[in-house]
Amino acid sequence: MIDPVAARTWMDAALAQATKSWSEGGIPIGSVLVDAEGRIVAAGHNERVQSGDPIAHAEMSCIRRAGRRRDWRSLTLVSTLSPCPMCSGTAILYKIPRVVIGEHRTFMGAEDWMRSQGTELLVLDDPRCIEIMERLQREKPDLWAEDIGI
């Protein structure tokens, strides 16, 4: 079971990554991976705009930075926004058993699919995560549409 108090601390780190991406002109989504002891082992932010790489979502960047590992089944993935099907699929592929989601009001990812695969989800409904995505939608609607594929 995910500790909600620890999850909020991890979300602070993911939100710092989202803010970093926004300050670089990118999409404000951040992610961290946490080990069984609650230590952050990797962090990433959406780098699609900065790198021109359409696959460089926050979760993908974070997982890439985690490198080769044997402990995927003991990790927790934390993301400021509900993971899309690609990022959810990567979490399922590596059997990451827990995902903490900052918010899913502005975008609902593949949460039902993750649950059907046995992934435990905790949605924090964090107002900071909602605000940063609503700001993206207001200030850069074309970038938002590009990111979600519409």
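The values are calculated or read from the model by the stated rules, or taken from the named source; none is laboratory data. These numbers come from a predicted model, not from an experiment. Virtual Cβ from ideal backbone geometry, glycine too; neighbours counted across all protein chains shown. Surface accessibility is based on the protein's heavy atoms, side chains included, excluding ligands, DNA and RNA. Shrake-Rupley method; radii C 1.70, N 1.55, O 1.52, S 1.80 Å.
Taking the Cβ of residue 81 as the center, what net charge do the other residues with Cβ under 11 Å away carry, scoring Lys and Arg +1 and Asp and Glu -1?
Working: positive: 105; negative: 59, 103, 126, 147.
Once all neighbours under 11 Å are counted, the net charge is -3.
Taking every alpha-carbon pair within segment 3-53, the share separated by more than 16 Å comes to 40 percent.
On a full-extension model of 0.36 nm per residue, what is the gain between residue 112 and residue 36, subtracting their alpha-carbon distance, rounded to one decimal in nm? Walk me through the numbers on the way to the answer.
Working: separation 76, 0.36 × 76 = 27.36 nm, distance 2.43 nm.
The residue 112-residue 36 span can extend by a further 24.9 nm.
Other residues within the sphere of radius under 12 Å centred on the Cβ of residue 54, judged by their own Cβ, net out at -3 (K and R +1, D and E -1). Just checking the listed ones, 16, 36, 91: in the Gaussian network model of the chain with Cα springs under 10 Å, the one fluctuating most is 36. Put a dot 7 Å past the Cα of residue 16, heading toward its Cβ, do the same for residue 53, and the two dots end up 2.2 nm apart. Heavy-atom accessible surface of residue 8, to the nearest 10 Å², is about 120 Å², with a 1.4 Å probe and all protein chains retained.
Taking 59, 37, 131 in turn, the Gaussian network model of the chain (Cα-Cα springs below 10 Å) assigns the largest fluctuation to 37.
Would you compute, from DSSP H runs of 4+ residues alone, the mean residue ellipticity of the chain at 222 nm, taking -39500 (n - 2.57) per run and dividing by the full residue count, rounded to the nearest 500? Intermediate results must be reported in sequence, preceding the final value.
Numbers: 7 runs with 69 residues, N = 150.
-13500 deg cm²/dmol, from helical runs alone.
Springs join every pair of Cα atoms under 10 Å in this Gaussian network model of the chain, and among 125, 12, 71 the largest mean-square fluctuation is at 71. The Kirkwood radius of the chain, taken over pairs of alpha-carbon atoms, gives through the Stokes-Einstein law at 37 °C and 0.692 mPa s a diffusion coefficient of 221 µm² s⁻¹.
Entry comment: accessible area of segment 23-143 is 46 Å² per residue, from protein heavy atoms only and a probe of 1.4 Å.
Students sometimes get this wrong: rank 113, 144 by accessible area, probe 1.4 Å, all chains present, largest first. Please report the intermediate quantities before stating the final value.
Working: 113 110, 144 25 Å².
Largest accessible area first, the list is 113, 144.
Note on segment 6-60: with charges restricted to the Cβ of Lys and Arg (+1) and Asp and Glu (-1), its dipole about the Cα centre is near 120 debye.
Between the residues 117, 27, 79, the greatest Cα displacement towards the positive end of the dipole of the chain, with unit charges on the Cβ of Lys, Arg, Asp and Glu, is found for 117.
Specify whether the C-alpha gyration tensor of segment 63-117 places it in the rounded, prolate or oblate class, a ≥ b ≥ c being the square roots of the eigenvalues: rounded for a/c under 1.5, otherwise prolate if a/b is larger than b/c and oblate if not. Judged from the Cα gyration tensor, segment 63-117 comes out prolate (a/c at least 1.5, a/b above b/c).
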